[in-house]
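Take a look at the structure set out below.
Quick note: the coordinates plus some simple rules give every number you see, no bench work behind them. Owing to the predicted nature of the structure, the values given are computational and were not obtained by experimental measurement. Reconstructed Cβ throughout: ideal geometry from the backbone, glycine too, with neighbour counts over all protein chains shown.
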Amino acid sequence: MTATDAGPAGALRIAPSILGADFGSLASAVREIDAETDWLHVDVMDGHFVPNVSIGPPVVESLRRYSPRFFDCHLMMTDPGRYLEAFKKAGADGCTVHVEVGGSASLINDARSLGLRVGLAANPDTPFEMVAPFLGDIDLLLLMTVFPGFGGQSFMSGVMTKVSEARREIDANQLDVDIEVDGGIDVVTAPVAVGAGANVLVAGSAIFSRPKPLDAARALREAARTGLR
């Protein structure tokens, strides 16, 4: 399967997280918000790295039939390397692994060799210095604005210092790296994150828990634009 085009690095993108959707009607939920979806964010949790379990490659494969969007798979897993190929075959376009699990250089190389767009994630309490050495090797830096594992958590504004630090480093070195934020993103926090330097906004509850998800996604995009520098 040919990877979906991610678009130019640095462009503002809305990435609805299917973790916030009704899994009983996932295809319909994804189609409903398609017009305001740039990337579709797929949260994968193994019950070990984070205290929750979500989905795996079979769901990605099934969902691929219903969406042409870029599938941005966030692997919250202790051993993501075992599953990179399976996610690629299922239809993932990009896979993001956590720096905290170690072996980042090998994981980045493995994902790249599979033709995946490569992301590296850091939890709120992980210092920027842990991801900085890999900025030249990745396509996306995901800076968690909550501790991963559950949807609907409150935005941790202290992470914005790290977002700004990452943006300065990326711009100074003219790197084609997106900065993604995930956790507590809504119409209030989106412009804050964009103002700090993020350009990919993951939102689950703020979109799928609203009576009209498409309108919610559109409102999120409009709010995010007010934070552009």
Order of D38, D178, D215 from fewest to most other C-beta atoms within 10 Å?
D215, D38, D178
Which order do I207, I179 fall in if you start with the one that has the fewest other Cβ atoms within 10 Å?
I179, I207
Taking the Cβ of D93 as the centre, find all other residues whose Cβ is under 11 Å away and add up their charges (Lys, Arg: +1; Asp, Glu: -1).
+1
With the chain treated as a Gaussian network of Cα nodes joined by springs under 10 Å, which of I185, I14, I55 yields the largest mean-square fluctuation?
I55
About the Cα centre, charge dipole magnitude for the chain (Lys/Arg +1, Asp/Glu -1 at Cβ), debye
460 debye
Rounded to the nearest 500, the 222 nm mean residue ellipticity computed for the chain from DSSP H runs (n ≥ 4, each -39500 (n - 2.57)) alone is -8500 deg cm²/dmol
A student asked for the Cα radius of gyration and Dmax of the range 37-158 in angstrom ought to give 13.7, 39
Among P124, P58, P133, which one moves the most in a GNM of the chain with springs linking Cα atoms closer than 10 Å?
P133
Rank these for me by crowding, F208, F23, F147, F155, going from fewest to most other beta carbons within 10 Å.
F23, F147, F155, F208
Largest to smallest principal axis extent of the C-alpha atoms in the range 6-66, angstrom:
34, 26, 18
Per the Kirkwood definition applied to all pairs of different Cα atoms, how many angstroms is the hydrodynamic radius of the chain?
17.1 Å
